[in-house]
Amino acid sequence: MLTSKQRAQLRSIASNEPTIMQVGKSGVTETMVKTVSDALEARELIKMRVLENSGEAARDVAEALAEATGAEVVAVIGKCLILYRESETKKKIELC
């Protein structure tokens, strides 16, 4: 569980990061869960966008992906969501 100070730190890091994935009309699929898990292992912090044609709320998508990948939802702002999971092999981010 992340503290509010850690969430703030991760949000500030994510503000400079590009959006690397989009959730489209197919929604959260098994393939997407695998891709998100791989991205979290490589980067630890990822930013995603939920497209209008997905028909799903960004909060629902964030919670589904976090549960499926073992990640933490850092923030959901509009259609953008930020996920964090500590890497087992390539630790880059030191939380305070």
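The values are calculated or read from the model by the stated rules, or taken from the named source; none is laboratory data. Please read these numbers as outputs of a predicted model, since none were measured by experiment. Cβ sites come from the backbone with ideal geometry, for glycine too, and all protein chains shown count toward neighbours. Ligands, DNA and RNA are stripped out before the accessible areas are found, and what is left, the full protein with its side chains, is counted by its heavy atoms. Shrake-Rupley method; radii C 1.70, N 1.55, O 1.52, S 1.80 Å.
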Restricting the search to the range 12-62, which residues are assigned to a loop (DSSP other than H, G, I, E, B), among the hydroxyl-bearing types (S, T, Y) and free of Cβ contacts under 8 Å to residues at least 40 places away in the same chain? S15, S26, T29
Consider the range 77-96. How many of its residues are touching an Asp or Glu at 6+ places or on another chain (Cβ under 9 Å) and open to solvent by 40 Å² or more (accessible area, probe 1.4 Å)? 9
Hits in the range 63-96 (condition: part of a loop (DSSP other than H, G, I, E, B) and farther than 23 Å from N16 by Cβ): G70, E88, T89
Yes/no for A58 being in contact with a Lys or Arg (Cβ under 9 Å, 6 or more places away or on another chain), modelled with pLDDT of 95 or more, within 16 Å of M21 (Cα to Cα) and among the hydrophobic types (A, V, I, L, M, F, W, C): yes
Among the residues of the range 34-54, write down those that are open to solvent by 20 Å² or more (accessible area, probe 1.4 Å) and either on the phi > 0 side of the Ramachandran plot or under 11 Å from the mean Cα position of the chain (by Cα) (or both). S37, R43, K47, R49
Collect the residues in the range 15-34 that are of a type outside the set (K, R) and within 13 Å of A71 (Cα to Cα), keeping them in residue-number order. V33
